[in-house]
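This report refers to the structure that appears directly beneath it.
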Amino acid sequence: MGVVVSAGDLTFDPTARAAAPTTCRHCALPIPGTRRADGDAFCCDGCRHVHDLIHSSGLADFYDLRGDRTLAPPTRLGTDGLAWLERELETAPAEGDLRRLTLDVQGIHCAACVWLLQELAHRDEGAVDFRLNPALGRAELLWNTAASDPSRFLREADRFGYRFGPARKQTGAGSRGLLLRLGVTVAAAMNVMIFSLSFYFGLAPTEGLLFSFFGQLNLALATVAVLVGGWPFFVAAIRSLRRGWVHLDLPIAVGITLAYAGSVRAYLAHGPREAYFDSLTVFIALMLFGRWLQERHLARNRDALLACDGVRGLTTRRVEARGVVPVAADEIRERDKLCIVSGDLVPVRGVLADRTARISLEWILGESDPRSLEVGAEVPAGALNAGDAPFEIVAVEDFAASRVHSLFEGPDRAAPKRDDFWHRLATGWVFAVLGLSTIAFLAWWSQGLDRALAVTVSVLVVTCPCALGLAAPLARGLTHGHLRRFGIFVRRDDFLDRALSVRKILFDKTGTLTSGALRLTTESRVALAESDPRDLRLLHHVVARSNHPVSRAIAAELRRLGVPSTLPDGAAGELREHPGLGVEWTGSPSCRVGKGVFAVPAGPADAATWWSIEDQARLALRLEEDLRPDAAEEAAALRSEGFDVRILSGDTPERVAEAAGRLGVEHATGGLSPEDKARMIETLDEGGDTLMVGDGLNDARAFAAAACAATPAVDRATLPSRADFYYLGAGLDAVRVALASARRLRRILRDNLAISIAYNVAALVLCFSGLVNPLLAAILMPLSSIGVVTVTALRLREGSGWK
């Protein structure tokens with residue numbers, strides 16, 4: 001019934017293609033066209049992996065809790081050595097064997113995620129108590145270390161896409177402060193509206209003390225709203241003026257100040273019925289709500305990931321007389337002996353001391369092939385332990401002199417380019433409102449000072465910059481929310497403005513365009529499928545017991561073909577690995593897989609991986625890097641939209657050229673050091689038109705040189721903390737979606753501006769005609785804001801085609 005296809009090792013029934021699902025079984029996001037055409041039920045292999053884990057672990061209730069909501073797609077996390085956990089356990093409050101840990105966690109998207117983590121924790125006998133704050137991404141664990149090691153739970157959570165780390169996230173004081181100000185301002189505005197209604201519906205000076213008391217309350221509450229709610233706009237406006245340019249907060253601050261001054265003047269001269277305190281306080285509340293909404297979305301995006309503490313958060317293990325001790329990387333000195341466990345980073349250059357080792361330079365140099373090193377070889381700083389066992393090195397430098405330190409502490413992103421459009425708009429708005437108010441005052445001067453002031457204040461109050469102060473933050477906040485549901489997390493709000501200038505998209509190769517894994521070429525897969533089944537069983541038995549990336553690629557293809565990994569009848573022997581050469585099965589019959597001169601003594605010394613039995617060549621197996629599922633499709637789509645797509649990589653020029661050919665990218669450069677990448681980007685960047693997409697520490701300097709930066713790497717927070725946005729999932733469509741969302745946001749903001757201008761023109765006509773009284777002003781200003789906000793929300797609602 002099932003037919004096996006090569007894309008993702010999927011099994012499906014060809015007759016069911018017509019009814020193939022259009023949304024992913026795990027995250028409920030749309031399935032890409034290529035995978036949907038193959039009848040795939042998942043948008044990426046990460047979703048398939050987590051879906052299978054959830055069902056095999058008996059946690060299928062997760063999907064009932066998720067309901068119809070979409071989730072950000074999971075990401076496959078690399079190994080975490082958990083050296084930091086040992087330090088946390090040493091310093092954690094203790095009561096006998098109980099340890100109380102406060103940890104940050106990333107990957108929480110909904111209530112179903114909270115439930116799943118709680119279930120995983122409660123299944124471990126060491127968990128005494130587990131509490132989770134999903135808003136901040138922080139967990140409180142009370143753990144019995146005598147019953148189990150908490151690292152077991154953390155590694156299990158890793159498998160589901162949730163990563164824990166030391167508690168370093170900020171507490172979100174900025175957004176909480178705005179929320180407190182918003183609460184005070186809204187309370188003041190509601191009370192002012194209630195008291196003002198009494199004036200509109202007949203409360204007169206003849207009522208005596210009640211009339212005066214309500215007026216005094218309005219004045220006091222309006223003053224509180226201005227001081228508490230208007231303060232963030234005043235501070236931002238003053239800061240922008242000190243820097244010599246006009247910020248969007250300036251027209252809001254000017255409007256608040258002049259409207260308050262005019263209302264106080266009207267109150268003192270003519271009583272509370274002539275003041276605009278209700279319109280003023282509602283206006284401040286609406287503006288502050290927009291500001292809080294914008295900050296809240298950015299805070300959520302930042303809190304969704306572990307915080308980066310630079311070199312101060314980097315932990316390794318040092319071998320001392322008392323044993324292996326976790327230490328901060330900046331404590332490492334020359335001649336220290338370090339223990340590097342699987343998945344851990346080598347923080348300094350060192351000499352391999354105890355055993356052969358397999359390392360990967362993907363994160364630090366962008367090289368895709370792992371290296372095998374013998375005892376006495378130099379291990380470069382920034383390498384990752386790509387093997388299954390720990391190894392020891394002797395440091396030959398202090399950490400302060402290491403390559404890792406220089407890249408961690410390298411230059412951060414330069415100050416973003418100012419958005420000239422909004423700068424000109426804010427400047428024009430301020431001068432237009434002030435000019436029109438002056439004209440209104442002069443035009444009504446002949447009717448007396450009080451009448452002229454009343455008309456002038458009406459101009460200041462009714463000309464509400466709602467498109468600037470409320471609709472714009474709302475549109476940005478909704479855009480951030482939509483992107484987050486698709487696994488795209490914007491960390492810097494001004495990216496949505498700077499993205500409009502992007503014309504060149506520069507991709508790193510290894511880990512960004514590729515998945516980091518190898519696979520057999522189509523020709524090799526066909527040749528393997530046509531080989532003798534008995535020989536294939538022996539081959540599978542050999543490669544299934546090796547952790548080398550080449551062995552894993554061959555074993556994956558043999559599993560896809562349904563070849564068992566048990567030995568054929570009569571075969572026996574022993575497995576031996578030869579670092580840098582290949583793997584050997586000594587027995588009857590013998591079998592070798594590796595370089596030509598190793599597998600076939602008389603064979604060619606080419607780049608293929610040879611498979612031999614009894615020293616007789618069976619096949620030359622060629623491998624290629626496995627591109628991300630939609631890499632070719634997305635590269636073509638970006639080019640069709642007019643973007644200049646290039647590849648800048650630290651991998652060998654040959655591998656980079658091969659990947660560029662498969663993607664149809666014309667401009668590709670390999671063999672680049674981190675400094676070379678940065679210099680090339682500085683040359684390419686013309687007025688802030690570059691977007692760099694990378695995933696390794698070697699891209700940190702390139703991020704600093706580019707106008708915009710993005711990363712799919714969330715294993716460590718180093719790159720996301722330097723990027724404008726990071727994204728989850730196995731695909732590259734996030735880059736195109738983020739840029740398209742920025743363009744759509746600009747269209748909506750311009751349309752909102754047009755609506756606001758039309759409203760203000762009509763309102764000004766009424767004001768200059770002297771037809772606007774306090775009641776009408778109180779109605780017009782909130783209605784205009786509500787109208788623009790409603791249009792914005794409808795255009796950015798789910799299903800409106802925003803993607």
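The values are calculated or read from the model by the stated rules, or taken from the named source; none is laboratory data. Small disclaimer: the values here were computed from a predicted structure and weren't measured. Ideal geometry is used to build each Cβ from the backbone, glycine not excepted, and the neighbour counts take in all protein chains shown. Remember, those area values only see protein heavy atoms, side chains included, never the ligands or the DNA or RNA. Shrake-Rupley method; radii C 1.70, N 1.55, O 1.52, S 1.80 Å.
With all protein chains in place and ligands, DNA and RNA left out, the 1.4 Å accessible area ranks 29, 567 as 567, 29, largest first. The order of the peptides 399-405, 574-580 by mean Cβ neighbours within 10 Å, most packed first, is 399-405, 574-580.
Under the convention that each Lys and Arg Cβ holds +1 and each Asp and Glu Cβ holds -1, the size of the dipole of the chain around its Cα centre is about 2620 debye.
Computed over the range 73-182, the quotient of the alpha carbon radius of gyration and 2.2 N^0.38 Å is 1.12. For the range 491-630, the relative contact order works out to 23 percent when only alpha carbon pairs closer than 8 Å and six or more residues apart are counted. In order along the range 497-510, the phi-based Karplus estimate (6.51 cos²θ - 1.76 cosθ + 1.60, θ = phi - 60°) of 3J(HN,Hα) comes to 7, 5, 4, 5, 8, 5, 10, 10, 10, 10, 9, 6, 9, 5 Hz; Gly and Pro are listed as x. From helices alone, the chain scores -14500 deg cm²/dmol at 222 nm; the rule is -39500 (n - 2.57) for each run of n ≥ 4 DSSP H residues, then divide by the residue total. Each eigenvalue of the Cα gyration tensor of the range 687-775, multiplied by 5 and square-rooted, gives one semi-axis; in descending order these are 45, 13, 12 Å.
Note on residue 82: accessible area is roughly 10 Å² with a 1.4 Å probe, heavy atoms of protein only. Please tell me the relative contact order of the chain in percent, rounded to the nearest whole number, where contacts are Cα pairs under 8 Å and at least six residues apart. Normalised by residue count, the contact order of the chain is 13 percent. The Rg/Rh ratio for the range 195-348, using Cα coordinates for both the radius of gyration and the Kirkwood hydrodynamic radius, is 1.40. Could you look at the chain and say what percent of its accessible area is carbon and sulfur, using a 1.4 Å probe and all protein chains? On the chain, the fraction of accessible area on carbon and sulfur atoms equals 55 percent. Using a probe of 1.4 angstrom and keeping all protein chains present, the accessible surface of the range 171-326 works out to 46 square angstrom per residue.
Between the C-alpha center of the range 517-547 and that of the range 310-383 there is a gap of 33 Å. Sorting 198-207, 116-125, 699-708, 253-262 by their mean Cβ neighbour count within 10 Å, with the most densely packed peptide first, gives 699-708, 253-262, 116-125, 198-207. Taking only alpha carbon atoms, the chain gives an Rg to Rh ratio of 1.06, where Rh is the Kirkwood radius.
As a rough guide to protection, the peptides 586-597, 548-559, 287-298 ranked by mean Cβ packing within 10 Å, highest first, stand as 287-298, 548-559, 586-597. Semi-axes of the equivalent ellipsoid for the range 26-93, computed as √(5λ) from the eigenvalues of its C-alpha gyration tensor and ordered from largest down, come to 32, 16, 11 Å.
Quote the relative contact order of the range 323-384 in percent (integer), defining contacts as alpha-carbon pairs under 8 Å separated by 6+ residues. Averaging sequence separation for qualifying contacts and normalising by length gives 36 percent for the range 323-384.
For the pair the range 150-171 / the range 638-665, the C-alpha centres are spaced 35 Å from each other. Translational diffusion coefficient of the range 249-334 (Stokes-Einstein, Kirkwood radius from Cα pairs, 37 °C, 0.692 mPa s): 180 µm²/s. Residue 375 sits among other residues whose Cβ lies under 13 Å from its own Cβ, and their net charge, with Lys and Arg +1 and Asp and Glu -1, is -3.
Which values of log₁₀ I(q)/I(0), to two decimal places, follow from the Debye formula for the range 567-700 at q = 0.10, 0.13 Å⁻¹ with a uniform point scatterer at every Cα? Treating every Cα as an identical point scatterer, log10 I(q)/I(0) equals -0.54, -0.73. With everything on Cα atoms, drop me the angle between helix 231-242 and the longest principal axis of the chain, reported from 0 to 90° to the nearest 10. Helix 231-242 sits at roughly 80 degrees to that axis.
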